[in-house]
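So the structure is just underneath, and the comments pick up after that.
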Amino acid sequence: MNNVETTGAAPVLRHSAEPSLTALQLAAGSLVSQAIYVAARLGIADLLAEAPRSAEFLAVATSSKESSLYRLLRTLASVGVFTDTGDKVFANTPVSEALLSDRPDSIKDLVIWLGDPEHWKVYGGLNESVRTGKPAWEMVHGEPVFSYLFETNKELGGVFNRAMTSLSKQVIPAVLASYDFSGYGVIADIAGGHGHLLAAILQNNPQAKGILFDLRPVLDGAQKTVEEYGVSERIDFVSGDMMNEIPVKADAYILKHIIHDWPDETNKMILGNLRRSMPDGAKLLIMDAVIPEGNAPHPGKIIDMEMLVAPGGVERTAAEYEHLLAGAGFRLTRIINTASLVSIIEAEKA
């Protein structure tokens with residue numbers, strides 16, 4: 001091939017100024033996301049952790065067909081996930097290192113959740129969600145997302161829980177760097193999952209005690225987490241359903257990745273339940289994306305599609321949060337952006 005004349009510039013989709021090629025690149029993004037999912041499932045980044053490896057080596061290690069795996073890795077190298085060092089040998093990049101299993105901030109589990117076939121096929125119903133406003137998850141799986149994950153398909157529920165833990169670990173350093181919790185004696189994390197965020201806050205604020213409120217099956221998996229953080233003696237576990245009541249007294253109440261899961265009417269019910277328990281002077285800390293108005297890019301605008309097709313929730317603007325909170329009897333006091341996907345929306349009883 002070295003003697004074959006090649007004329008003209010090859011299309012470079014990544015930075016193309018040609019609108020049709022840009023549109024094609026965006027439309028083909030689903031192919032890239034599935035390729036990253038497969039690489040995460042196969043543990044390619046872990047296999048490259050010590051040194052570059054050949055496609056042949058990786059194929060044997062993952063029980064894959066060498067030619068097919070090479071094509072997958074070539075695709076991902078073209079968008080910077082891996083790098084092709086020549087002779088079908090691949091190495092990690094800073095992007096693929098985010099998929100390493102042993103990194104505290106690994107997103108491997110989150111990538112596996114996003115690409116899992118049971119989750120992925122829900123996007124085949126996006127058109128119906130856009131037309132009807134109803135979650136495609138229910139059309140595809142026959143029931144709401146959370147009952148499906150925690151009752152019908154607990155194996156997938158485990159994938160989801162690990163993904164949410166992965167997401168929490170991304171958020172925690174940014175939250176701790178952006179908000180001062182030193183003035184609170186008792187901090188409650190409502191629907192706080194396995195307690196990673198609350199435990200990290202207590203670890204950094206020895207004056208505080210914590211309350212982890214969630215469904216009993218979720219709390220059963222939280223004890224190990226709080227022990228790992230060394231704060232188990234300062235956390236009380238309270239089981240319950242935020243849709244019914246939130247019988248918890250605290251100085252600050254955290255709702256992380258909760259409000260975006262639900263439409264306004266459901267959120268007003270949740271916030272109403274919380275408000276009835278809140279002492280005067282307590283703070284509400286919502287931790288979710290706050291998306292900018294207009295054309296400004298923000299990851300939350302993409303995640304909003306997940307909210308549309310899965311739980312039926314929505315990512316909101318600052319004005320929409322202010323309106324939602326006012327309707328539930330709260331006053332928005334400030335919004336603190338962090339170096340992560342979430343902002344901290346602080347509010348108090350009006």
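The values are calculated or read from the model by the stated rules, or taken from the named source; none is laboratory data. Only a predicted model underlies this, so the values are computations on that prediction, with no experimental measurement involved. Heads up, the Cβs are rebuilt from the backbone with ideal geometry, glycines too, and the neighbour counts pull from every protein chain shown.
Observations
- Output for the stretch 337-347, where each listed residue is surrounded by 16 or more Cβ atoms within 10 Å (Cβ to Cβ) and part of a strand (DSSP E or B): Ser343, Ile344, Ile345, Glu346, Ala347
- Residue check for Gly313: out of contact with any Lys or Arg (no Cβ under 9 Å at 6 or more places or on another chain) and within 16 Å of Lys268 (Cβ to Cβ): yes
- Criterion (of a type in the set (Val, Ile, Thr), in the same structural domain as Met164 (by TED's automatic domain parsing) and within 22 Å of the chain's Cα centre (by Cα)) met by exactly one of Ile235, Ile270, Ile246: Ile270
- Filter result (without any contact (Cβ under 8 Å) to a residue 60 or more places away in the chain and in contact with a strand residue (DSSP E or B) (Cβ under 6 Å, 6 or more places away or on another chain)) within the stretch 183-196: Gly195
- Considering the conditions (1) in contact with a helix residue (DSSP H, G or I) (Cβ under 6 Å, 6 or more places away or on another chain); (2) acidic (Asp, Glu); (3) surrounded by fewer than 21 Cβ atoms within 10 Å (Cβ to Cβ); (4) under 19 Å from Glu348 (Cβ atoms), Asp180 is excluded by exactly one of them, (1).
- Residues (surrounded by 14 or more Cβ atoms within 10 Å (Cβ to Cβ) and either touching a helix residue (DSSP H, G or I) at 6+ places or on another chain (Cβ under 6 Å) or outside any helix (DSSP H, G or I) (or both)) located in the stretch 269-304: Met278, Ala282, Lys283, Leu284, Leu285, Ile286, Met287, Asp288, Ala289, Val290, Ile291, His298
- On inspection, Ser64 does not qualify as assigned to a loop (DSSP other than H, G, I, E, B) and either touching a residue at least 60 places away in the same chain (Cβ under 8 Å) or closer than 28 Å to Ile172 by Cβ (or both).
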